[in-house]
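**Student:** So that we are looking at the same thing, I have put the structure below in C-alpha cells.
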Amino acid sequence: MAGKTLDLESVITRDRLGCRIAEQWLTWSLGRNEWVKQKQELRKYIYATDTTTTSNSSLPWSNKTTIPKLTQIRDNLFANYMATMFPKRRWLTWEGATKKDEEKKKVKAIRDYMMWVVSQPWFKTEIEKLVLDYIDYGNAFGTVEWVDETTVSPDGVTKTGFVGPRPVRISPLDIQMNPIASDFQTSPKIVRVLTTMGEAKELLGSFTLDEDSKKLAQGVFNYCRDLRMSAQNWGTAELVEKDEYFRVDGFTTYRHYLNSNYVELLFFYGDLYDIETDTFYKNHQIVVIDRHKVILNQRHPYPLAEIPIYHAGWRVRQDNLWAMGPLDNLVGLQYRLDHVENMKADIFDLTTYPPIKIKGIVNDFTWGPFEKIYVDADGDVELLNPDVQALQANLELSQIESRMEEMAGSPKEAMGFRTPGEKTAYEVQRLENAASRIFQNKIAQFEEQMIERLLNACLVLAQTHMTDTTVRVIEDEFKAIS
C-alpha cells in the first residue's frame, strides 16, 4: 500500500554547501578505514588481559596468556616523554622575534603570565592526552580556546572563575584532512563534534556573530529541533535514505540518529570554493549540523592568518599527512611473543599431563599413582611425551622484548638498568646520548610541532581577550609570591 514510507527528500531541506562538506568528510573517512582498523587492533593489544580479544584468539592453544609488552613500552614512553618535557617547575622560556620583543619588562610579563597558564591543573592533563595520542595513534591534534568561567548568581553576585586560554585535545578519530596536502596547516580540516541539543545551542551562543548570522543560526537550529520532533511522530513508517553521507557515524540509521538526544556538528576550517555561488571562502569556519544544514559560516576569528589547529606526527610519511606511531610496527612482534609464550605453556602442560596411547583391549582404569591397569596379551598403555625443546624458548622471548624496546625508540636505560661493563664518566655520557638519540628527536619533534605552537596560540588569545587579570608569580631570586 502507498504511504507506508517517508522519502528522505520530502522531510529535509538540504543546503548544497553543507552536503558538500558532509560528502568530503565521508570521502576522507573511507580513505583511512584501513588505518582505523590498524589502530583498533593496536588498542586491543594495549588493553588486553588475555589473547581472546586480540588477533591471537584464532590460535588453537589452550593457554590464552598475553605478555603486555606493548602496554609496558607505551607506559615507558609516556613516563619518559612527560619527565623530559617538564623536568622542573619553571621550564618555559620566551624568545622574541624582534629587539622590542626582547625588552626585559615585556619578557618578564609574558613569561610570568604563561607560567600561570601552564600551571593550571587542566593544562598538564590535556598535554598528557596529546602525548598518549602521539604514542597510540602516531598523530596528535590540538587547538586552543578562550575560557571565561565567571558566573553571576540570581541575586547579582559575581563569582569569579578561571579566565584565560586553554589547550584542547582533538581526538584523531574525530578529525579529517586532505592526506596528500603539502602540509597540515594548508590542508582543509573537518572536526566532528557529537553533542546534545542543549550543548549545541550553548556552543553556538558562544560565537561572536552579527545580527544576520544570529538569525540564520537560530532559524537553522529551530529547523533541526522541529525535524527531531517530526521524527518522533513517524510511527512505524520506514524512512527511505538515498544518500550515504546521511548515515551518521555511531548510529544504525538516520532515523535512529534523529530520535536520539545527540547532535552531530561538522566544523570545517580552511579555504573552500563554492561552485554553486562562485564564492571563495578564505580562512573560514563553516559549521554543518545534521550533515545537511549550514548553521554557521564566518571568517575564523583567530587574529592571525593561520587556523589554530596543530598536528604532531611521530614517524612522518612521505606524501601522506597521517604519520605512523612508535607501536605500529610492533604488533607483529607482540603476536609472536604471545604465540611463543602460549605454545611453550601448552607443551609444558602436555609434559606434565601427557596424553596416553592405548593399544589393544584395556580395561577401564583411573590414572594415578599405584593404580592397576589390566590389559590382554596384546594390550599396552603408553605415555606420549612431546618434544620439550620449546620449553627453552625463554631466550627467544627475551630477545623479542629487547628488540621491541629498541624499535620503539625507548632510552636504553629508561627502566633503570645499567648496561654491563665498567665505563668512565665520558663513556657513560657518550653511550647514553647515542642510545637515546631517537627518543630525544621524537621529544623535540613534539615540542616544536605541538607544545610551542599551542603556547603561542594561548598568548595570542590572551592579547585579544584579556582585560585585567591577576596572576600568581613566584620571584626566582627571593622565592616570594607576588
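**Student:** Could you run through segment 297-323 and say how many residues are part of a strand (DSSP E or B), over 22 Å from the mean Cα position of the chain (by Cα) and surrounded by fewer than 19 Cβ atoms within 10 Å (Cβ to Cβ)?
**Tutor:** 2
**Student:** Out of the residues in segment 203-214 meeting the condition of being in a helix (DSSP H, G or I) and over 16 Å from LEU266 (Cα atoms), tell me which one is least open to solvent (accessible area, probe 1.4 Å).
**Tutor:** Step one: list which residues in segment 203-214 are in a helix (DSSP H, G or I), which gives 203-205, 211-214.
Okay, now just the ones that are also over 16 Å from LEU266 (Cα atoms), so 205, 211-214.
Numbers: GLY205: 62, GLU211: 118, ASP212: 117, SER213: 31, LYS214: 102 Å².
Per the stated criteria, the residue is SER213.
**Student:** Please work out if THR54 is more than 20 Å from LEU333 (Cβ to Cβ), at pLDDT below 90 and either of a type in the set (Val, Ile, Thr) or in contact with a Phe, Trp or Tyr (Cβ under 9 Å, 6 or more places away or on another chain) (or both).
**Tutor:** In short, no.
**Student:** What pairs come up if the first residue lies in segment 31-56 and is touching a residue at least 40 places away in the same chain (Cβ under 8 Å), the second is buried (at least 18 other Cβ atoms within 10 Å of the Cβ) and small (Gly, Ala, Ser), and their beta carbons are under 9 Å apart, counting only those six or more places apart or on different chains?
**Tutor:** The qualifying pairs are LYS39/GLY138; LYS39/GLY325; LEU42/GLY325; THR54/ALA48; ASN56/ALA48.
**Student:** So which residues in segment 331-375 are of a type in the set (S, T, N, Q) and in contact (Cβ under 8 Å) with a residue 40 or more places away in the chain?
**Tutor:** Across segment 331-375, the qualifying residues are GLN334, ASN342, THR351.
**Student:** Yes or no: segment 39-49 includes at least one residue that is closer than 13 Å to ASP338 by Cα and either open to solvent by 40 Å² or more (accessible area, probe 1.4 Å) or not in a helix (DSSP H, G or I) (or both).
**Tutor:** Yes: one or more hits.
**Student:** Another question, if that's okay. Pick from segment 215-232 the residues that are hydrophobic (A, V, I, L, M, F, W, C) and open to solvent by less than 70 Å² (accessible area, probe 1.4 Å): which of them is farthest from GLY18 (Cα to Cα)?
**Tutor:** Of everything passing the filter in segment 215-232, ALA231 is farthest from GLY18 (Cα to Cα).
**Student:** Condition first: of a type in the set (Ser, Thr, Tyr) and more than 22 Å from VAL168 (Cα to Cα). Now tell me which residues in segment 79-130 satisfy that.
**Tutor:** Result: THR98, single match.
**Student:** Are any of the residues in segment 418-426 outside any helix (DSSP H, G or I) and either modelled with pLDDT of 85 or more or in contact with a helix residue (DSSP H, G or I) (Cβ under 8 Å, 6 or more places away or on another chain) (or both)?
**Tutor:** Checked against the condition, which is being outside any helix (DSSP H, G or I) and either modelled with pLDDT of 85 or more or in contact with a helix residue (DSSP H, G or I) (Cβ under 8 Å, 6 or more places away or on another chain) (or both), segment 418-426 yields at least one hit.
The values are calculated or read from the model by the stated rules, or taken from the named source; none is laboratory data. Keep in mind it's a predicted model, so treat the numbers as computed, not measured. Cβ atoms come from the backbone with ideal geometry, glycine included; neighbour counts cover every protein chain shown. With ligands, DNA and RNA removed, areas are computed over all heavy atoms of the protein, side chains included. Shrake-Rupley method; radii C 1.70, N 1.55, O 1.52, S 1.80 Å.
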